[in-house]
Amino acid sequence: KHGRLFKMVKIRSMLLNADMPGVDSTGDNDARITKIGHLIRRLKIDEVAQLWNVLIGEMSLVGPRPNVERETRLYTDLERVLLTVKPGITDFASIVFSDEGTILSGHLNPDVAYNQLIRPGKSALGLFYVKHANIFVDLALIILTLISVISRGRALTLLNLLLRLMGANPELLEM
């Protein structure tokens, strides 16, 4: 139902034809990111354009962050549940992995690093969201996302508290 393909709108932060090498994940040190692109990414300005996707009904404000099609082909049966709900601009993983570029920096193959270091946690957090989604969680995630732009540390502390209150397992809390 919601697992269909769509074009997510983003503000360009990379050189033209940056997708040509077939690499989807990028570290902060990726040469394809422009000088202004680093600022756009750091301030999350590239995500604001996705409000268009929300307005036309392809995305929600809150929901599991979508992956590119190449990544979704690697999903386990459990992860495929993420394709049954409308993707969102923000979720638990958007806050936990807001430093994705830093995590992927220095890896020879950022896509492999993404699948080993980020995707398992991102999927676990997305599945937790799907199971516990409600208006109060959505409002909390919107507020925490705004806080994370100002203070990632504060947002992570508050997110951990929210996950505890929601009964998250120790593995999720450790992230």
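Every number in this text was worked out from the coordinates using simple rules, so none of it is lab data. The shown structure was predicted, so the numbers you read here are calculated from the model rather than taken from an experiment. Note that each Cβ is placed from the backbone with ideal geometry, even for glycine, and that neighbours are counted across all protein chains shown.
In segment 48-106, which residue that is among the hydroxyl-bearing types (Ser, Thr, Tyr) and not in a helix (DSSP H, G or I) is surrounded by the fewest Cβ atoms within 10 Å (Cβ to Cβ)? Before you say what the answer is, go through the steps one by one.
We begin by selecting, within segment 48-106, every residue among the hydroxyl-bearing types (Ser, Thr, Tyr); these are 60, 72, 75-76, 84, 90, 94, 98, 102, 105.
Imposing the further condition that a residue be not in a helix (DSSP H, G or I) reduces the set to 60, 75-76, 90, 98, 105.
Numbers: SER60: 19, TYR75: 16, THR76: 9, THR90: 23, SER98: 18, SER105: 15.
The extreme case among them is THR76.
Give the number of residues within segment 44-75 that are among the β-branched types (Val, Ile, Thr) and in contact (Cβ under 8 Å) with a residue 40 or more places away in the chain.
Residues flagged as among the β-branched types (Val, Ile, Thr) and in contact (Cβ under 8 Å) with a residue 40 or more places away in the chain within segment 44-75 amount to 3.
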